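Below: one structure, written as C-alpha cells.
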Amino acid sequence: MTGPITIMPDSYYTADFEKLTRLVANMFARVVAHNDRLPLNSQKPTRFHSRAPPNISVDEYMQRVAKYASLEPACLLIMLIYVDRICERNPTFTISSLTVHRFIITAAVIACKTLCDAYCTNAHYAKVGGVSMHELNSLEVEILRMMGWHLVATQEQLEQYYFTLVRQDSGMVLHSDNTNAERSHDGACSQESLASR
C-alpha cells in the first residue's frame, strides 16, 4: 500500500525546503547503498574516506548541514551536479558510507561560496560538519581539483536535476506532471462515458 502523493512545484526554488533536502539526501543514500555493494578493492582511498561510517544517517546529516549551514535550494541541487562532475573526471572515486559525509559538507561549502552572496566561515562549516577546519580546508581544495574548478551550473541544469529527483521519488510528483495526468485521466473518462452511450 502506498502513501499519499506529494505534489511538488515545477520550480525547485519554490519547493518546500525540507522536502527538497530530503530528496537530495535520498539520492545520496541510494548512491551509497549501491556503491557499498561494490568490492572495496575497486575504491581507491581518498581524503574523503573515513575509517568507519559515521554514526549519523545521510538523511540526518544532510538535514543538519542544510539547516545550520543555511543552504539555499540551488546549493542542494548543485551538490549532486558536483558528484557527477567528479565521477566523470575521476572514475575511481565513489560516494560510499565512508566518503559521503565529508563529501556533503565540503560540497555544501563550495556550493555556498559559488552561489551565495553571503556565506559562513570555514570554521563554522567545520563545526556543522563535525570535521576540523584544517581537514575541511584540505577537502575543499581536493574537490576543487577533482572538478577542475568547474563550479557553476545553468538554471536549466539545476531544474533538470530537480525534475529527475522528484520523478524518481515514488511519493512525489511535479505539479505539471500531475496536471497532465489529470487531464489525460479526465479525457479517458470522457471518451469512455461517450462510448458507453
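The values are calculated or read from the model by the stated rules, or taken from the named source; none is laboratory data. Only a predicted model underlies this, so the values are computations on that prediction, with no experimental measurement involved. Every residue, glycine among them, receives a Cβ derived from its backbone with ideal geometry; neighbour counts consider all protein chains shown. What goes into the accessible areas is simple: the full protein's heavy atoms, side chains included, and nothing from ligands, DNA or RNA. Shrake-Rupley method; radii C 1.70, N 1.55, O 1.52, S 1.80 Å.
Values computed for the structure shown
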| item | result |
| --- | --- |
| Most to least accessible of 60, 156 (protein chains only, probe 1.4 Å) | 156, 60 |
| As computed over the stretch 61-123, the Cα convex hull volume per residue (Å³) | 87 |
| Under 14 Å, Cβ to Cβ, from residue 65 - net charge with Lys/Arg +1 and Asp/Glu -1 | +1 |
| Surface accessible to a 1.4 Å probe, residue 36 within the full protein complex, Å² | 70 |
